[in-house]
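Peer 1: Mind having a look at this structure? Questions to follow.
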Amino acid sequence: MTGKPESQDEMQSLLGRRIVLGITGSIAAYKSAFLARELTRRGAEVRVVMTPSATEFITPLTLATLVDNPVHSDFTENKEKGTWTNHVELGLWGDLFLIAPCTAQTMSAMVSGACENLLQAVYLSARCTVMIAPAMDVDMFTNAATQNSLYTLRERGVEIIEPASGPLASGLDGMGRLEEPEIITERVEAFFDVSLPLKGKNVVITAGPTQEPIDAVRYIGNRSSGKMGFALAGRLADLGADVVLIAGPVSLPTPPRVQTRIDISTAEELFEATMKVWPKADAGIACAAVADLKPKRATDKKIHKDEFPKTVELEKTPDTLAAMGECKLEGQLLMGFALETNDGLESAMGKLEGKNLDFVVLNTLADDGAGFSHDTNKVTVIKRVGVNTEMRSFELKTKKEVARDLVDMIFQINNEV
Ligand code: CTP
């Protein structure tokens, strides 16, 4: 890629990716501004960490403006208030830690495990892939000590974007120029492209509540926010899956990369939409809080209070998950949810069997922070293993983290799960 991105697709190639951009003290730090702009233009969310000496080459304000996020360069966020920069949080936040430019000094610190500035602390805390783009004078670059650092870092899994050859700030000519921002961006795009373990997988997810009309203004519904299902859809799409998200009435934006969203309102509509796509899916996740009953006779006019019948006759809605289980094909994986008000293990097991599921996720309203109205959830997953079952209980986590755990479990991305 050279020059400006041509298509909307290329523009959005990093949509939803979280990149920690580390900048160290090199004259090439000015190029980081272009790099930051390229990454954000392609949809990445970028947070910048600078070493103190990098701030002498380019101002944090420039970077903060370009990435629309505060820049971190100090362990203390606000000296008067005594707040500190949580390097662990930054290290865990990123999907990629890109250090560009990376000086010989920082490479050496990475090798030795030194922790003398925030950037080094973030490096030590990062669980994601680390990519460095070295920049220095030719003799520094070819020096055995630097080459040794590069060798060791590569051995440890750090991805190296080799510097380019050409005129250097010292006046010398040779290897050591920071690679051009466009080329670095290309490497970042390629990294995300190959690290998509769910590319080619089709997944259908139901999420949110349904609303079963009583009349033109009233309905039977529930308090589901849709957050859990949307977090699952987002995580799957981030890992490359082709996601069809069938969503009840919620006020949530479609997560980046989710290609198809079908908005439905009633259990019947949810059933129709899901059963159309399920036969072609590799996996299905039923996260919707579907109303099990609907008024037998709904009117499209508003019933005034003095006209209201004494009783509203109800009938069952179609059970989408049970229908998916009934026609499940060889190789298809199916996950359902069981929301219970107390223990509920037995009831969850009943759903695993009764609906022919591979996984059932139990969440209990009695647990603090679990269920509908929170950003967190606490789940126990029961997995079918041949004729037996395995159970795994997770801590209280954000719904996004729970989504990671569940997706890892369905697709066995992380072996320890
Ligand atoms: N489900 C569905 N269609 C329905 C009802 C439920 O797809 N009409 C799915 C939900 O998305 C969830 C699971 O089935 O994954 C919940 O199972 P269910 O037996 O309906 O649980 P509850 O709604 O809690 O019902 P019960 O009162 O029987 O526990």
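The values are calculated or read from the model by the stated rules, or taken from the named source; none is laboratory data. Please read these numbers as outputs of a predicted model, since none were measured by experiment. Quick reminder, even Gly has a Cβ in these numbers, built from the backbone with ideal geometry, and neighbours come from all protein chains shown. Accessible surface is based on the protein model in full, side chains and every heavy atom, while ligands, DNA and RNA are left aside. Shrake-Rupley method; radii C 1.70, N 1.55, O 1.52, S 1.80 Å.
Peer 1: Specify whether the C-alpha gyration tensor of segment 14-194 places it in the rounded, prolate or oblate class, a ≥ b ≥ c being the square roots of the eigenvalues: rounded for a/c under 1.5, otherwise prolate if a/b is larger than b/c and oblate if not.
Peer 2: The shape class here is rounded.
Peer 1: May I ask for the net charge around residue 20, where only other residues with Cβ less than 13 Å from the Cβ of residue 20 are counted and Lys, Arg are +1 while Asp, Glu are -1? Spell out each step's value before the answer.
Peer 2: Values: positive: 17, 18, 47, 127; negative: 45, 89, 95.
Net charge around residue 20: +1.
Peer 1: Using a 7 Å offset from the Cα along the Cα-to-Cβ direction at both residue 365 and residue 151, what is the distance between the two label points in nm, to one decimal?
Peer 2: With each label placed 7 Å out from Cα toward Cβ, I get 6.4 nm.
Peer 1: Another question, if that's okay. Could you tell me which of 299, 309, 57 has its Cα farthest along the dipole of the chain towards the positive end, charges placed at Cβ (Lys, Arg +1; Asp, Glu -1), taken about the Cα centre?
Peer 2: Going by the Cα projections, it comes out as 309.
Peer 1: Using the crude model of +1 on Lys and Arg Cβ and -1 on Asp and Glu Cβ, and no other charge, please compute the dipole size for the chain relative to its Cα centre, in debye to 20. Numbers along the way, then the final one.
Peer 2: Details: 44 positive and 57 negative charges, 158 e Å.
Roughly 760 debye for the chain.
Peer 1: At most 13 other Cβ atoms within 10 Å and a DSSP loop assignment: could you name the GluC sites (Glu not before Pro) in segment 378-417 that fit?
Peer 2: Sparse-neighbourhood loop GluC sites (Glu not before Pro): 395, 416.
Peer 1: With everything on Cα atoms, drop me the angle between helix 267-277 and the longest principal axis of the chain, reported from 0 to 90° to the nearest 10.
Peer 2: With both axes taken from Cα atoms, the answer is about 50 degrees.
Peer 1: I need the GluC sites (Glu not before Pro) found in segment 14-70, filtered to DSSP loop residues with at most 14 other beta carbons within 10 Å of theirs.
Peer 2: none
Peer 1: Picking from 356, 87, 98, whose Cα lies most toward the positive end of the charge dipole for the chain (charges on Cβ: Lys, Arg +1; Asp, Glu -1)?
Peer 2: Farthest towards the positive pole: 356.
Peer 1: Calculated FRET efficiency, residue 304 and residue 180, Cβ-Cβ r, R0 60 Å, to nearest 0.05? Don't skip to the answer; put the middle values down first.
Peer 2: Values: r = 70 Å, r/R0 = 1.17.
Efficiency, from the Cβ-Cβ distance: 0.30.
Peer 1: Holding the Cα-Cα limit at 18 Å, pick out from 355/397; 294/378; 294/351; 199/383; 328/383; 199/351 the pairs that are longer than that.
Peer 2: Among 355/397; 294/378; 294/351; 199/383; 328/383; 199/351, the Cα-Cα distance tops 18 Å for 355/397; 294/378; 294/351; 199/383; 199/351.
Peer 1: Based on the Cβ-Cβ distance from residue 164 to residue 327, what FRET efficiency comes out when R0 is 51 Å, to the nearest 0.05? If you can, show how the numbers build up before the last one.
Peer 2: Numbers: r = 57 Å, r/R0 = 1.11.
FRET efficiency, residue 164 to residue 327: 0.35.
Peer 1: Under the classification rounded if a/c is under 1.5, otherwise prolate if a/b is larger than b/c and oblate if not, where does segment 308-417 fall, given a ≥ b ≥ c as square roots of the Cα gyration tensor eigenvalues? Mind showing how you got there, number by number?
Peer 2: Values: a/c = 2.07, a/b = 1.25, b/c = 1.66.
Oblate.
Peer 1: Per the 1.4 Å probe, what fraction of the accessible area of segment 95-168, in percent, lies on carbon and sulfur atoms? The partial results should precede the final answer.
Peer 2: Working: 1420 of 2970 Å².
Carbon with sulfur: 48 percent of the solvent-accessible area.
Peer 1: Please compute the modelled spin-label separation between residue 56 and residue 218, points set 7 Å along Cα→Cβ, answer in nm with one decimal.
Peer 2: The two pseudo-label positions are separated by 7.4 nm.
Peer 1: Which distance in nm do the two modelled labels at residue 142 and residue 69 give, with both placed 7 Å along the Cα-to-Cβ direction?
Peer 2: Between residue 142 and residue 69, the simple spin-label model gives 3.8 nm.
Peer 1: Towards the positive end of the charge dipole of the chain, with charges on Cβ (+1 Lys, Arg; -1 Asp, Glu), say which of 166, 379, 110 has the farthest Cα.
Peer 2: After comparing all options, I get 379.
Peer 1: Most fluctuating residue of 215, 193, 137 in a GNM of the chain with Cα springs under 10 Å: which is it?
Peer 2: It is 215.
Peer 1: What does the charge add up to near residue 219, with Lys and Arg as +1, Asp and Glu as -1, over the other residues with Cβ less than 10 Å from its Cβ?
Peer 2: Within the 10 Å Cβ shell, the charges total 0.
Peer 1: Ok, one more. Just the number please: accessible area per residue for the chain, 1.4 Å probe, all protein chains included, in Å².
Peer 2: The answer is 49 Å² per residue.
Peer 1: Pick out, in residue order, every one of the trypsin sites (Lys or Arg not before Pro) in segment 182-272 that is DSSP loop and has at most 11 other C-beta atoms within 10 Å; say none if there are none. The partial results should precede the final answer.
Peer 2: Details: sites: 187, 199, 201, 218, 223, 227, 235, 257, 261; in loops: 199, 201, 218, 223, 257.
Listed in order of number, the matching sites are 223.
Peer 1: A follow-up question, please. Roughly how far apart, in whole Å, are the Cα centres of segment 128-181 and segment 18-93?
Peer 2: That distance is 21 Å.
Peer 1: Sticking with this one: All other residues with a Cβ under 14 Å from the Cβ of residue 313 taken together, and with Lys, Arg as +1 and Asp, Glu as -1, what is their net charge?
Peer 2: +2
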